[in-house]
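Data first, discussion second: the structure below is written as structure tokens.
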Amino acid sequence: MNVNEFFNINQNLLELDKIALDKCTEQFSHIESTTEYNQLKVLKAFIDNGVSESYFTASTGYGYDDRGREILESVMAQCMGAEDSLIRHNFVSGTHTLTVALFGVLRPDDKVLVLTGRPYDTITGVFGIDGKTDGSLSDFGVKYAQVDLLADGTPDLKEIRKRLSSDKYKMAYIQRSRGYSTRPTLTIDDIEVLCNIVKEASPETVIMVDNCYGEFVEKKEPCEVGADLIAGSLIKNPGGGIAPTGGYIAGRKDLVEKCSYRLTCAGVGKEVGATLGHSRELYLGLFSAPHVVGEALKTAVYTSALFSQLGFEVSPRTDEKRGDIIQCITLNTAENLVAFCQGMQSGAPVDSFVVPEPWDMPGYTDPVIMAAGAFTLGASIELSADGPLRPPFAAWMQGGLNFHSAHAGVLLAAQKMLSKIKGE
Ligand SMILES: *Cc1c(COP(=O)(O)O)cnc(C)c1O
């Protein structure tokens, strides 16, 4: 371990670090194997589609006949095991991308059934289930229903089957990642079980998966186990830390086409959209994504090992199967949470000198603290952590473009926290 050539980590912590790394051996080799598989899958998609350097040139105006854009969408479709895709820099966020997919497919009086409990915070506004309905799906007459999760945080399969057989739903909506909740993330196997139930009970229902944080974590993607449509953000996994902004939608050709009419306009769809010189970053990011996701997964596994050595509750556990790159650590006190985030910030490549403090973020009931020293604003494929200042004072941590650097960041977070506890 070379860390003390550059940083000053105390001996006790370095000993725990060694134990933690030993505990990661099995998971790391599992991650390596998934990374290699997905990297070859992506390489093959680039080769099969004949990606050429000439595709990186910028188009302007309408962007008609932008070969680079068209081929990238074909490469992305192949990577996601889908028939077609949209992958664009002008999706402004993951929420926007999911919104385009939802509005692309749903029509007035259609019913949506969410199979995985209350959706991610920003998506509740899109469905219009929070009272603020202006511009939401509910404002346009789309009906919302939700099957709550069971007490252990897993989907209520019996209730899902019952609801789908007793009423007609246009869409069944699945959120793969835990987001910032305490429920377990769905694995691809879990998603397959849900897809099979939907297809059996209601074959016409469109299955949509919010795939945020899940891309390249396993060897299969949701479309390969029955999902009809998926969407995600390019400043998370599939942008590989290189895409500066954007999102993607992938799935059945007819559904992707409907989404393209919402992204641009009916009749024109995906034939337009100037790339302005961003194609190279989107190609390079997608190519790097399997490796970067592997590094983020190693960071998550290592963090769970180190903090369980330190006596904290972690989720997922070190040896648990993962469906996304998120690691939750229960830090028990406000001081710990603040020190953890400040320590992590101090080990970031960008803005390491900034000391984050809790603040009243709009839309949240408790103050929130965030550590993020990233090249791309808000990128959560880069090492970042945050949490609301309320019991049990949990930190949600994700990302890490490379394990060596993220490893140091996590050690600095642990050290800062331990020095606070000991009052040093
Ligand atoms: C990140 C995320 C989104 C989209 O969030 P943006 O911040 O808008 O990119 C949606 N759902 C889940 C589960 C997410 O993790």
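Before moving on, here are some points about what is shown:
- The chain, relative contact order [Cα under 8 Å, separation at least 6], %: 19
- In order along the stretch 64-76, phi translates into HN-Hα couplings of 4, 6, 7, 5, x, 5, 5, 5, 4, 5, 6, 5, 4 Hz, rounded to whole numbers, per the Karplus curve 6.51 cos²θ - 1.76 cosθ + 1.60 with θ = phi - 60° and x for Gly and Pro.
- The stretch 153-200-the stretch 22-84 distance, computed between alpha-carbon centres (Å): 28
- Å³ per residue enclosed by the Cα convex hull of the chain: 143
- Protection proxy ranking of 207-214, 377-384, 33-40 - average other beta-carbon atoms within 10 Å, highest first: 207-214, 377-384, 33-40
- Measuring nothing but how far apart in sequence close Cα pairs (under 8 Å, 6+ apart) lie, relative to its length, the stretch 130-266 scores a relative contact order of 16 percent.
- Simple spin-label estimate for Arg390 and Glu224 in nanometres, 7 Å along Cα-Cβ: 3.9
- The GluC sites (Glu not before Pro) of the stretch 201-247 meeting both criteria, a DSSP state outside H, G, I, E and B (loop) and at most 11 other C-beta atoms within 10 angstrom of the site's C-beta, are Glu204.
- Packing rank of 118-128, 77-87, where each peptide gets the mean count of other beta carbons within 10 Å, highest leading: 77-87, 118-128
- Size descriptors for the stretch 258-337, from the alpha-carbon set: Rg then Dmax equal 20.3, 59 Å.
- For the peptides 336-344, 412-420, residues were scored by their other Cβ atoms within 10 Å and the scores averaged per peptide; the highest-first order is 336-344, 412-420.
- Net charge of Cβ neighbours under 9 Å - reference Val142; Lys, Arg +1; Asp, Glu -1: +1
- The per residue volume of the convex hull around the alpha-carbon atoms of the stretch 61-286 is 116 Å³.
- Stretched out straight at 0.36 nm per residue, the stretch from Asp48 to Asn8 would grow longer than its current Cα-Cα span by 9.5 nm.
- Relative to the longest principal axis of the Cα atoms of the chain, helix 334-346 runs at roughly 80 degrees.
- Compared with the dominant Cα axis of the chain, that is its longest principal axis, helix 11-23 is turned about 40°.
- When only alpha carbons are used to place a centre, the stretch 226-294 and the stretch 328-371 end up 31 Å from one another.
- Built amide H within the under 5 Å cut-off of Val206, gap 5+: Met171, Ala172
- Contact order, relative form, for the stretch 187-322: 20 percent (alpha carbon pairs under 8 Å, 6 or more residues apart, mean separation divided by residue count).
- Relative to the longest principal axis of the Cα atoms of the chain, helix 94-105 runs at roughly 20 degrees.
- Within the chain, DSSP assigns beta bridges of which about 65% are antiparallel (rounded to the nearest 5).
- Computed from backbone phi with θ = phi - 60° and the Karplus coefficients 6.51, -1.76 and 1.60, the 3J(HN,Hα) list for the stretch 297-303 is 5, 4, 4, 5, 5, 4, 4 Hz; x is used for glycine and proline.
- Long-range amide H partners of Arg322 with built H, under 5 Å: none
- Whole-Hz couplings from phi, Karplus 6.51/-1.76/1.60, listed for the stretch 205-219; x for Gly and Pro: 5, 7, 9, 10, 10, 6, 9, 3, 6, x, 4, 6, 7, 10, 6
Any read-out appearing in this document is the output of simple, stated calculations on the displayed coordinates, not a laboratory observation. In this text, all values refer to a predicted model and were calculated from it rather than measured experimentally. Backbone-built Cβ (ideal geometry, glycine too); neighbour counts: all protein chains shown.
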